[in-house]
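The values are calculated or read from the model by the stated rules, or taken from the named source; none is laboratory data. Since we're looking at a predicted model, the values are computed, not measured. Cβ coordinates were reconstructed from backbone atoms using ideal geometry, including for glycine residues, and neighbour counts include every protein chain displayed.
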């Protein structure tokens, strides 16, 4: 009940603030920048990073787009520069919000003629910016109070875990708080460090995080941070993990990030272990056993693909083991390509009884080819040609538990998994 009253009071305070700012007369010395007079910016550059002033952003061509869509498009456009939007409101066909100390972001917007692409429309957003709209002394915003409330709600005192999964979608957040903005991530983690019980585990899944530098603030936590879950974000550079070296992490989750598809499983585990020497588990798997690296039979860049992969393998090889393999044509695109590699183990007892010649004649193992012209011939093109080859191979009965799977790229609805 106390929490409900506190949140209600926060929202009432926000409404009072919004009513003030919506009907406020702009500062008499304000400077309006539109696509018709962008050159005005150079004359008033000193205002851009003056922390004493709020700047007002007006966005046109919004067409009923939600707050998250509008602000995400703008923040993506100005990245990697900081812009923290506050006091968002809609009036007629326009959207307004305030920002301060965001000079580099404003300059980038002006360099693009104040036009921001709308990912969900062919019509871009068009902006106008009023510099020095208000002073910070006359319009004060306290976001820490609301953030502390939401962070407390999302923390587990028993496990000392703070779950920030899809943080910006939390219905109790008053301001738009996307953790993919480095300054916002830093600010949120700084407040998290002030919670009554120090956290040992941070879950940051699905926040579109690209930059890890803000996480360095956790290195000075009262208790050592042991685990961070960064799965399903947008981290694409393995060297960015250097920002985590001072944390002495034992557990790290990175599955579902673009960097996972850049390496094979062994190289992936080796490179990350090199950056984080105290790490014992990566993506839920142990890195070492009895002091030696653990071998891995399966690797998936996104664990969310496991069900789909298992269903495909089960269904495909059930059809492959049938006497008639014509039905496999539907498993391949019209312009698909297919090759196979086969090896013969001379000293193996069963080798003399296998039907290897048909496989060996199609093998595209270039390490053992004496005639490299076969490389072209053994690359089969087209779904019908592939099925014709499969039909000529010996009948089989696969033992599915013996399979090894390596998935290095996964796409959902035309978008790479993040």
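Things to note:
- Against the conditions (1) farther than 21 Å from residue 75 by Cβ; (2) touching a residue at least 24 places away in the same chain (Cβ under 8 Å); (3) over 12 Å from the mean Cα position of the chain (by Cα), residue 273 satisfies every one except (2).
- Residue-level check: of (1) buried (at least 20 other Cβ atoms within 10 Å of the Cβ); (2) more than 19 Å from residue 37 (Cβ to Cβ), residue 143 misses just (1).
- Residues satisfying the stated conditions in region 58-73, i.e. touching a helix residue (DSSP H, G or I) at 6+ places or on another chain (Cβ under 8 Å) and either assigned to a helix (DSSP H, G or I) or within 25 Å of residue 142 (Cα to Cα) (or both): 59, 68
- Some residue of region 194-212 being outside the structural domain of residue 87 (by the TED database) and part of a helix (DSSP H, G or I): no
- Residue that is farthest from residue 47 (Cα to Cα), among those in region 74-111 that are without any contact (Cβ under 8 Å) to a residue 40 or more places away in the chain and touching a helix residue (DSSP H, G or I) at 6+ places or on another chain (Cβ under 7 Å): 95
- Residue match in region 287-295 (condition: closer than 22 Å to residue 268 by Cβ, touching a strand residue (DSSP E or B) at 6+ places or on another chain (Cβ under 7 Å), surrounded by 10 or more Cβ atoms within 10 Å (Cβ to Cβ) and at pLDDT below 70): yes
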